[in-house]
Amino acid sequence: MTISRLFLLSLLALGLTVKGSDKNAKVQFQVTVRSPVLKYIHFHHSPETAYGMVQSDIIQLNENGTTQIKRVLPASSSIIFFGGIPILISGAEQVNMSMYPLKDKGTVPSHLGHAAAFKGTASLKQSLPYRMDSLYMISPERLSTMTQTELDGHFKAMDQQIGMLMSKAKVAKAADRELLQGYSRLLQAQLKWNFLNAQKAKNNLSPAFGDWYRKGLDLSDVALKKIFNTNMMNIYLMTWEEGQKLQDPQWSDLKKMNLILVAKNNLLNKMVVYPWFKIQLRFKGMNRELQDFYPAMQASFMDPEDVKFWAAHYQTHESIMEGNPAPDFALTDDKGKIVKLSDFKGKMVIIDVWGTWCGPCKQEMPYFHQLVEDLTDSTDIVFMTIAMEGEGDLAWDQYLIDHKMNKTVNLKYLSKQGGEDFLFFREKYGLDSFPRYMAIDRKGNFISPLMGFPSNPDFKAKVVKWHQEKR
């Protein structure tokens, strides 16, 4: 396989703005991978985009054991990662690196069982993060026996060694020195995290431990915006959060998200805050707490795609809050008849949105139908199922027959993305996960757009309560 046939797959793009660099400057990046074992390798870097997005690629390696990769990258001051090996990018230089199985040469840090060698006039400077990895290596056994004072001594000794390495590599730019010092703080945070766990296991946390542990952990650290490794960011974030928990017994996810926003780190916002908010909407629905939080999150958007997505997504979930009108729809039932939601005004409607292809949906179905049986004598409540199915798929019809679903109103729509009904339920009901259970009152307004699952005992209790209240 030649280099022209390398398979490059972009996995994700996480927002990260890199300032203070010439956007026209380029880095000539060249790596030779010698490995009969590795089939592919991860490459985390910053592509040339308007917003400096962090990008993760998977690169398929040649079957003959030797692969050459050449890329042209922005020359912004940063630390990128190839196969887990950190590389300092300092400007418009050429990076020439090779990877080889660790058993072949030397005793250096192992990344996927492989080591790295750098060539060129700037090789020592480019390899500094890689060398720093080895300086901070402490075995779990050793770490479990260390005291805070001993670990502080280790950190101080490493700071001195790193300072000497920077001098030897002639790291002159203040931005590069600050970035390397920031990378050192990240490595220290990883050791602190492991040290904390060891101390917890021994039940050996002193009253002053929290103050020591939190020292140096700062989400607004500028270096965090230039180190392109989401795994390290996650570990740093967990380390920081443990420090907050030691200080604040009332710690909560909401406090965490607010503090991340205050740090103004777009990578952390995209990694943590925005997904968290989306999950809250998906499983709990919009509430006052999320409404109060949203303006701060909205003010953090840097990417126009985020602005566009959240404007629509937020509006959808706000529109389906309790008390708001449920958007009317017209779907075909199992007898070929067109049925509208508005046909049932004057009755409470409990809706199960599902699919024959959805395992969790079918697991919950018996609980849903037990509820139907329990309330079968009630004439002012309607149980409705809405299935998203493929065109021409007969599984739905057969499922209804096999499971004797003759006491529910059974509707379906096509799962074709871009289809009218597909877009309607995604945009008007915020439907992006299955199964989904909703309750509509006698006036056609939402009682609950997200009821939880019928297997939960309080599901039936809620339905019975609402029915008795004549909702």
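The values are calculated or read from the model by the stated rules, or taken from the named source; none is laboratory data. Computed from a prediction, not measured in an experiment: that's the story for all the values here. Because the Cβ atoms are built from the backbone with ideal geometry, glycine has one as well, and the counts that use them run over all protein chains shown. Keep in mind that these areas ignore ligands, DNA and RNA; they rest on the heavy atoms of the full protein, side chains included. Shrake-Rupley method; radii C 1.70, N 1.55, O 1.52, S 1.80 Å.
Quick check, is PHE459 within 23 Å of GLY346 (Cα to Cα), surrounded by 13 or more Cβ atoms within 10 Å (Cβ to Cβ) and hydrophobic (A, V, I, L, M, F, W, C)?
Taking the combined requirement at face value, the residue satisfies it.
Does VAL273 meet the test of being within 30 Å of VAL372 (Cβ to Cβ), touching a residue at least 24 places away in the same chain (Cβ under 8 Å) and surrounded by 17 or more Cβ atoms within 10 Å (Cβ to Cβ)?
Answer is no for this residue.
Taking into account only those residues within region 343-396 that are open to solvent by less than 60 Å² (accessible area, probe 1.4 Å) and polar (S, T, N, Q), which is farthest from the chain's Cα centre (by Cα)?
Once the filter is applied, the top-ranked residue is SER378.
For the structure I just gave you, tell me whether ALA189 is touching a residue at least 40 places away in the same chain (Cβ under 8 Å) and touching a Lys or Arg at 6+ places or on another chain (Cβ under 6 Å).
Considered against the rule, which asks whether it is touching a residue at least 40 places away in the same chain (Cβ under 8 Å) and touching a Lys or Arg at 6+ places or on another chain (Cβ under 6 Å), ALA189 comes out as no.
Name every residue in region 118-160 that is out of contact with any helix residue (DSSP H, G or I) (no Cβ under 8 Å at 6 or more places or on another chain), open to solvent by 40 Å² or more (accessible area, probe 1.4 Å) and among the polar types (S, T, N, Q), in order of residue number.
Result: THR121, SER134, SER139, THR145, THR147, THR149, GLN160.
Output the number of the condition that GLU242 fails; it satisfies all remaining conditions of (1) charged (D, E, K, R); (2) more than 24 Å from the chain's Cα centre (by Cα); (3) assigned to a helix (DSSP H, G or I).
If we test GLU242 against (1) charged (D, E, K, R); (2) more than 24 Å from the chain's Cα centre (by Cα); (3) assigned to a helix (DSSP H, G or I), just (2) comes out false.
Would you check which residues across region 219-252 are free of Cβ contacts under 8 Å to residues at least 60 places away in the same chain and either among the small types (Gly, Ala, Ser) or in contact with a strand residue (DSSP E or B) (Cβ under 6 Å, 6 or more places away or on another chain) (or both) and list them?
SER220, ALA223, GLY243, SER252 - these are the residues of region 219-252 that are free of Cβ contacts under 8 Å to residues at least 60 places away in the same chain and either among the small types (Gly, Ala, Ser) or in contact with a strand residue (DSSP E or B) (Cβ under 6 Å, 6 or more places away or on another chain) (or both).
Out of the residues in region 177-215 that are of a type in the set (S, T, N, Q), more than 13 Å from LEU151 (Cα to Cα) and in a helix (DSSP H, G or I), which is farthest from the chain's Cα centre (by Cα)?
The extreme case among them is GLN181.
Looking at this structure, is ILE227 of a type in the set (Val, Ile, Thr), farther than 30 Å from TYR437 by Cα and at pLDDT below 95?
It is true that ILE227 is of a type in the set (Val, Ile, Thr), farther than 30 Å from TYR437 by Cα and at pLDDT below 95.
Are any residues in region 431-447 in contact with a strand residue (DSSP E or B) (Cβ under 9 Å, 6 or more places away or on another chain) and open to solvent by less than 40 Å² (accessible area, probe 1.4 Å), and if so, which ones?
Those that are in contact with a strand residue (DSSP E or B) (Cβ under 9 Å, 6 or more places away or on another chain) and open to solvent by less than 40 Å² (accessible area, probe 1.4 Å): LEU431, PRO435, ARG436, TYR437, MET438, ALA439, ILE440, ASP441, GLY444, ASN445, PHE446, ILE447.
Among the listed residues VAL54, VAL72, identify the single one that is touching a residue at least 40 places away in the same chain (Cβ under 8 Å), more than 17 Å from SER123 (Cα to Cα), of a type outside the set (Lys, Arg) and open to solvent by 20 Å² or more (accessible area, probe 1.4 Å).
None of the others qualify; the one that does is VAL72.
Condition first: under 21 Å from ARG177 (Cα atoms) and at pLDDT 95 or above. Can you find one or more residues in region 107-118 that meet it?
Yes, because at least one residue in region 107-118 is under 21 Å from ARG177 (Cα atoms) and at pLDDT 95 or above.
If you go through region 216-227 one residue at a time, how many are surrounded by 21 or more Cβ atoms within 10 Å (Cβ to Cβ) and part of a helix (DSSP H, G or I)?
2
Restricting to region 29-41, what's the tally of residues that are open to solvent by less than 70 Å² (accessible area, probe 1.4 Å) and of a type outside the set (Val, Ile, Thr)?
Summing the residues that are open to solvent by less than 70 Å² (accessible area, probe 1.4 Å) and of a type outside the set (Val, Ile, Thr) in region 29-41 gives 4.
Across region 161-175, what is the number of residues that are surrounded by 15 or more Cβ atoms within 10 Å (Cβ to Cβ), assigned to a helix (DSSP H, G or I) and over 32 Å from the mean Cα position of the chain (by Cα)?
Result for region 161-175: 4.
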